[in-house]
């Protein structure tokens, strides 16, 4: 235990955590589940990513720089956008990629600014200690949300073609004809966040709060932060996906309000 | 004797080509008449209806709706006048009332009373309550519900794709006759697709036969 009362994890204790994974690998191998490689790879990757992130954070905390912070934020956004493209099951066309990029970028930036300037306080908004973890949580969750929304939207536009065309035949606008699908895509995006909120404090203690408590913060302060960040995540995911779905459905129709074939929309460059 | 208005074309097609599915050199479909499009499965009948509904556009050639090329008409405005019913009826979420009203809602038209809705269900021979879930209906009942939905919209032109394919013979006769009477009373143009030549001969005044995407015959049918 150090001076501030926080129990630091010694190297041997960290090694013990890896040993636990080795036990898992042995069990997986005995049971014939061929997932050893992915477990090893993801453990190594996670370790390297976190070590690099840790050193970057130490540097940033000791040498706060506004421009370096912006650069880091842009890198996080870029990574999230690129990761979203990869998470979608089909190749995306340029128009959809553009919509994803500005929905994710716009939704998370506005939510982050509101959160830092209004909720946390204007004096500390560019303090890396607040900026980076909050940006990470908002972007990460919005990325998961938008990925789910895209997959649902593309799937439904294919599987519910008859229903959309049936509505168009009755004089519906593309917006009205795809309203149900757009709503369901929104639901699919937001559901993990809602479920996580419903279970929070009863089924599990959220990661951020656990981290704060372990590092010696009073649970009451940790709870306040957790509530605020969850509301921020909810807002960011919802905002990002709303921007996306209300623009993306149009890609599936042409100027004559005709429903395009899948090969004419999603995959056509 | 027919009035001159009856002989005006509602749709005129010139050199219309769509993929390798349909090629129509010239065709005029008369206003306020009942026209049947007959042909085997895959002959291009549904494609023709979709072209008239501007659900798809031809690769070349021009389709005129009352002298105006379809490219110059807003698709949504057109579809609110020229309503199409697909062969497999589309049932939307909700009860029978919701499904009857949805076409009017899509078209931003005034919504009728429940009495009118019940009356329309009677016309298509559907003995159901308005608050019954629509998804539980049988195939034939869904088709009649979809017909009632189109009738409520009172469109200028009805495009019906195999409107009685899910009905048994007796119901087919009863429903088709009522649809034709209703359309006539409203001065509508009815264009229906069928694979059944006897049905075309029974209800249509004009029969267009399509084979491999091309028109092989146009017959006037004076059955009355």
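The values are calculated or read from the model by the stated rules, or taken from the named source; none is laboratory data. Bear in mind the structure is a predicted one, so any value in this text is a computation, not a measurement. Because the Cβ atoms are built from the backbone with ideal geometry, glycine has one as well, and the counts that use them run over all protein chains shown.
Annotations
- Of residues in the stretch B:79-88 being touching a helix residue (DSSP H, G or I) at 6+ places or on another chain (Cβ under 8 Å) and more than 8 Å from chain A (Cβ to nearest Cβ), the one nearest to residue A:164 (Cα to Cα): B:87
- Selection count, the stretch B:94-125, where residues are under 24 Å from residue A:180 (Cβ atoms), assigned to a loop (DSSP other than H, G, I, E, B) and without any contact (Cβ under 8 Å) to a residue 40 or more places away in the chain: 3
- Scanning the stretch B:93-102 for residues that are within 14 Å of chain A (Cβ to nearest Cβ) and modelled with pLDDT of 95 or more yields B:98, B:99, B:100, B:101, B:102.
- Some residue of the stretch B:64-78 being within 19 Å of the chain's Cα centre (by Cα) and part of a loop (DSSP other than H, G, I, E, B): yes
- For the stretch A:31-49, the count of residues that are surrounded by fewer than 11 Cβ atoms within 10 Å (Cβ to Cβ), touching a residue at least 12 places away in the same chain (Cβ under 8 Å) and closer than 30 Å to residue A:102 by Cα is zero.
- Applying the set (1) in contact with a strand residue (DSSP E or B) (Cβ under 7 Å, 6 or more places away or on another chain); (2) not in a loop (DSSP other than H, G, I, E, B) to residue B:32 leaves exactly one unmet item: (2).
- Test: residue in the stretch B:206-223 that is part of a helix (DSSP H, G or I), within 23 Å of residue B:47 (Cα to Cα), more than 14 Å from chain A (Cβ to nearest Cβ) and touching a strand residue (DSSP E or B) at 6+ places or on another chain (Cβ under 9 Å): no
- Subset tally (residues that are more than 14 Å from every other protein chain (Cβ to nearest Cβ) and out of contact with any strand residue (DSSP E or B) (no Cβ under 9 Å at 6 or more places or on another chain)) for the stretch B:3-29: 4
- In the stretch A:155-206, the residues that are in a loop (DSSP other than H, G, I, E, B), surrounded by fewer than 20 Cβ atoms within 10 Å (Cβ to Cβ) and facing chain B (nearest Cβ under 10 Å): A:160, A:173
- Single residue of the stretch B:49-78 satisfying the filter (in contact (Cβ under 8 Å) with a residue 40 or more places away in the chain and within 14 Å of chain A (Cβ to nearest Cβ)) that is nearest to residue B:216 (Cα to Cα): B:49
- Scoring residue B:187 on the criteria (1) more than 23 Å from residue B:12 (Cα to Cα); (2) over 12 Å from the mean Cα position of the chain (by Cα) leaves a single failure, condition (1).
- Count of the stretch A:64-88 residues which are buried (at least 17 other Cβ atoms within 10 Å of the Cβ) and within 13 Å of residue A:105 (Cβ to Cβ): 6
- Among the conditions (1) within 18 Å of the chain's Cα centre (by Cα); (2) within 13 Å of chain A (Cβ to nearest Cβ); (3) under 24 Å from residue B:54 (Cα atoms), the only one that residue B:164 does not satisfy is (2).
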